[in-house]
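Report on the following structure.
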Amino acid sequence: MRHTAWLTALALATGTVCTGASRLAADEPKGTEVDLDGLKATTPTDWKKTEPSNQFRWMQFAVPKAKGDADDAELVISKGLGGGAEANVARWKNAFKPPTGKSIDDAAKLSDVMIGGIKATYLDVSGTYTVPFAQKPDVRPDYRMLAVYYEGKDNVYTFKLVGPAATVEAAKKGFDDWLKAFK
């Protein structure tokens, strides 16, 4: 009898542990799947999808602030907006005033990145950021933007990760890995 009670207790404990493990796996945070004309990748788990704040934003995410920063960064994805890579890069650079003694080209690095086997234009720029279309002047020193212009199979997409420089630096690896993950 004692042996049966012990086995029953063990079975119940094991069942509870298994159920608990299953529940933990199901409750693990997941990123958001983003689909670019059939190419898909999931965002890092700590990026929180938010409601786009205007009609030009297809998707929007809050990217958590780094220790010591006052604000989160924001990732905005636009879909179907044109202008070409060169015009978008110029506009993105114009939103920044470079640090004293530097030109905007000194404060910006332009390169290429592959997204699903397609070359895209990648801008990394920092300095004092002027928020576009703000109701009143909104100038933010020591900000950084990682911006990408990507011509997908059916649509043009732009990605802009903007925030305090330390926060964007902390998010850069996740951003770069996410872009490369589109398959």
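No value in this document is a laboratory result; all are computed from the given coordinates. These figures come from a predicted structure and were not determined experimentally. Here the Cβ positions follow ideal geometry from the backbone for every residue, glycine too, while neighbour counts run over all protein chains shown.
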Where the Cα atoms of segment 31-180 are projected onto their three principal axes, how long is each span, largest first, in whole Å?
43, 32, 30
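Assuming R0 = 25 Å, can you tell me the calculated FRET efficiency for the pair Lys49 and Ser103, based on Cβ-Cβ distance, to the nearest 0.05? If you can, show how the numbers build up before the last one.
Details: r = 36 Å, r/R0 = 1.46.
My answer for the efficiency is 0.10.
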What does the highest-first list of 162-173, 58-69 look like by mean Cβ count within 10 Å?
162-173, 58-69
